[in-house]
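Worksheet: the structure to be examined is printed underneath.
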Amino acid sequence: MERKLLFNKYPKLIHGGDYNPDQWLGYEGIFEEDIRMMKKAHVNCVTLGVFSWAAYEKEEGQYDFSWLIKVIDRLKEENINVIMATPSGARPAWLDLKYEEVRRVDINGKREHHRERHNHCYSSPIYRQKVEEIDTRLANAIKDKNNVILWHISNEFEGVCYCDKCRKNFQKFLKKRYQTIDKLNHEYWTGFWSKHFNSFEEVEPPYANGENALMGLNLDWKRFTSEMVADFMKFEIDTVRKITPDIPVTTNMMMFFEPYDYRVLAKELDIISWDAYPQYHNDYQSLAATFNEAGFTHCLMRSLKKQPFMLMESTPSLVNWREYNKLKKPGVHELASLQAIANGSDSVQYFQIRKSRGAYEMFHGALIDHNGRDDTRVFKEIEDLGSKLERLEEIAGSTIKARAAIVVDWENRWAIREAKAFCSSDKKYEKTVQNFYGALMHKGIETDIIASTDDYSCYDVIFLPMMFMLKEGVAAKLKEYVKNGGLLVGTYMLGYINENQLAHLGGFPGDGLMELFGFEAEEIDTLWPSEQNYLIYDNKKIEIKDYCEILKVKDCEAVATYEEDFYRNYPVVTRKNYGLGTVWYQAARFDANDLLDIIRKDLVRKGMEVIDLPAGIERHVREYDDKRFIFYLNESENDAEVEVEEGLELLSNQMIGGKVTLHKYQTIIIKA
Ligand code: GAL
């Protein structure tokens, strides 16, 4: 694999975070002290101006970038790079008061007051015009500053507007998608409950007290809002690109964010970045399980472009906006940061460098605390991590080669949520895909998270957890993949609907997949939380929860069967050879770790090395050219023994290999 550096002129791991010197302009000496502390903590990059609109344009049309330029120049003297944010994430009060249309209309159809941030109407021409003005001036102000390495477009795009302009844009979107209202009526199945529309103008967004009973419409609203925000983001990108064509662009994404399809946004970006705030040390799951959720998101972010991504924000200690704001225990910040690196991030960044003195996030963790000291536990942990990241410089630009893929489509996720079926409150789609990711990782199998429409040819095995929606052409692709030798694993709920949420007719899994899998999924039973079924495989009793499909077998092998209920002895795991490949099916929900044990022989037959990592250990391999960096992270609460490859351990600079003990929260990185 070739090295894919994010910044050719800066071939290092980035360490830094959001920095808001504009909040401290009246405080003598603070800026120089910040620089001293940053240097001490090995900070090499800061993100400026995320919420600085009011500092640049205090009054309409009166611009002042002088403080910014001084900051950028001084940072340059200290070899600190800058990620330059466009300030569109929060609007000044004067703008909101003068131009009401920039304020969002909520799901009840009510216009918001000026408040907080991230709440703009993306259809508003005035908002666009104002953003274009400020972005253009900002880009002109910084265009010659060669320590500016990246644009950070806006901040954490989120939310939806229900104003009249957005409604009209939605109707335009529908017209483009369906061409005729008859087609829309058919796809939305509007004969049900007399929902027929005579024109696109009659179709409204799903207001809280409006139309919510048309599944296809709800789905289209989500598609529309993703496209809308991507369009707005692209408009900002085009604005700054005109002036600074050589500065790449990113926007900071959020976890496994549900409302927008991040693939639609990713298409417009050069670099993927995200903000990680997992709820460490909670009272409902193990630390390792929390790490697994973050690991899944890292994997998703890496997969969006199959190149290194950036951890744009994290907290070095605690957040302040949860109900209970726990500290990260000593060592956990380093572990979480190195988890990001292990998964392909080329940066560790924080919100924020200096803790704000007041307002909403004044008690949120930061590099520099209110006490201003550089000998606090948190500062010392960051300083230590910073020096380690410097030593890991050659890892920058390496990435992970995955032979397995998990298919995750946002549209499928939305459709599952919308479906009036199964368990209505939580169908656990997210947990299920994370469970597959974690199980594969624990078997030492690197995974990409892909879309059903992506190319499958580079993967030896593909998993389709809860792939309820089968888009046009996907069934044929899956068949082709297996025919050519691929290993395919489907689960319950496969292929029930098409992309407009109409059922596939003629039996599930639809669109010809019954032939591939060799059965028909005739019924599905939803279990009460207190209920379970089970199967026995290799003398192990495996518990089944939530969903049991009843299969009518045509020509597949029943590898395991249900032990209880009226479908006792019906197949729950099936296998079939098809062309040069093999398909497996998991008809009920049970742990993906057990499923992988069941299909293990076929994984090995595909030439995959299947290992069993001890519980709580995460392992990844980043590589380029002939260099391999193998990470082992102990995310459990105990020391653990692990069998590792021989090579130079980069954090201790010692040769290691064979059985080693990893202390709790310890990471080792072997160059092999
Ligand atoms: C992020 C946001 C930052 C800050 C941070 C604090 O979601 O982008 O501006 O609010 O959370 O946790």
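Summary of computed values
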read-out	value
Among (1) charged (D, E, K, R); (2) surrounded by fewer than 18 Cβ atoms within 10 Å (Cβ to Cβ); (3) within 16 Å of the ligand (Cβ to nearest atom), the one test that Lys183 misses	(3)
Residue under evaluation Arg103, criteria (1) touching a residue at least 24 places away in the same chain (Cβ under 8 Å); (2) more than 25 Å from Met312 (Cα to Cα); (3) surrounded by 15 or more Cβ atoms within 10 Å (Cβ to Cβ), criterion not met	(1)
Asp597 in a helix (DSSP H, G or I), under 29 Å from the mean Cα position of the chain (by Cα) and surrounded by 15 or more Cβ atoms within 10 Å (Cβ to Cβ)	yes
Single match in Leu68, Leu95, Leu75 (criterion: surrounded by 18 or more Cβ atoms within 10 Å (Cβ to Cβ) and farther than 27 Å from Glu32 by Cβ)	Leu95
Elements of type helices (runs of 4 or more DSSP H) in segment 385-491, at least 1 residues being within 18 Å of the chain's Cα centre (by Cα)	410-418, 429-442
One residue from Glu543, Glu522, Glu564, Glu549 being assigned to a loop (DSSP other than H, G, I, E, B) and in contact (Cβ under 8 Å) with a residue 12 or more places away in the chain	Glu564
Ile247 being in contact (Cβ under 8 Å) with a residue 12 or more places away in the chain, within 16 Å of the ligand (Cβ to nearest atom), β-branched (Val, Ile, Thr) and within 17 Å of Leu150 (Cβ to Cβ)	no
Criterion (more than 22 Å from His298 (Cβ to Cβ) and out of contact with any Gly (no Cβ under 9 Å at 6 or more places or on another chain)) met by exactly one of Pro205, Pro248	Pro205
Residue ID - farthest from the ligand (Cβ to nearest atom), chosen from residues in segment 110-124 that are in contact (Cβ under 8 Å) with a residue 40 or more places away in the chain and over 27 Å from the mean Cα position of the chain (by Cα)	Arg111
Selection within segment 540-555 - within 28 Å of Gly485 (Cβ to Cβ) and surrounded by 22 or more Cβ atoms within 10 Å (Cβ to Cβ)	Glu549, Leu551
Segment 356-377 - residue that is of a type outside the set (Asp, Glu) and within 30 Å of Ile395 (Cβ to Cβ) and, of those, surrounded by the most Cβ atoms within 10 Å (Cβ to Cβ)	Leu367
Verdict on Tyr162 being under 28 Å from Val102 (Cα atoms), modelled with pLDDT of 95 or more and surrounded by 20 or more Cβ atoms within 10 Å (Cβ to Cβ)	yes
Condition met for Lys143 (more than 27 Å from Glu204 (Cβ to Cβ), touching a residue at least 24 places away in the same chain (Cβ under 8 Å) and among the basic types (Lys, Arg))	yes
Failed item, numbered, when Val621 is tested on (1) in contact with a Ser or Thr (Cβ under 7 Å, 6 or more places away or on another chain); (2) closer than 21 Å to Glu293 by Cα; (3) part of a strand (DSSP E or B)	(1)
All positions within segment 126-175 that are of a type in the set (A, V, I, L, M, F, W, C), within 16 Å of the ligand (Cβ to nearest atom) and part of a strand (DSSP E or B)	Leu150, Trp151
Test: residue in segment 14-23 that is within 15 Å of the ligand (Cβ to nearest atom), of a type in the set (A, V, I, L, M, F, W, C) and within 31 Å of the chain's Cα centre (by Cα)	no
Helices (runs of 4 or more DSSP H) (entirely within segment 24-109) containing at least 3 residues that are away from the ligand (no atom under 16 Å from the Cβ)	30-40, 66-77, 93-98
Residue match in segment 219-242 (condition: of a type in the set (Phe, Trp, Tyr), within 16 Å of the ligand (Cβ to nearest atom), part of a helix (DSSP H, G or I) and under 20 Å from the mean Cα position of the chain (by Cα))	no
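The values are calculated or read from the model by the stated rules, or taken from the named source; none is laboratory data. Since we're looking at a predicted model, the values are computed, not measured. Note: ideal-geometry Cβ built from the backbone for every residue, glycine included; neighbour counts use all protein chains shown.
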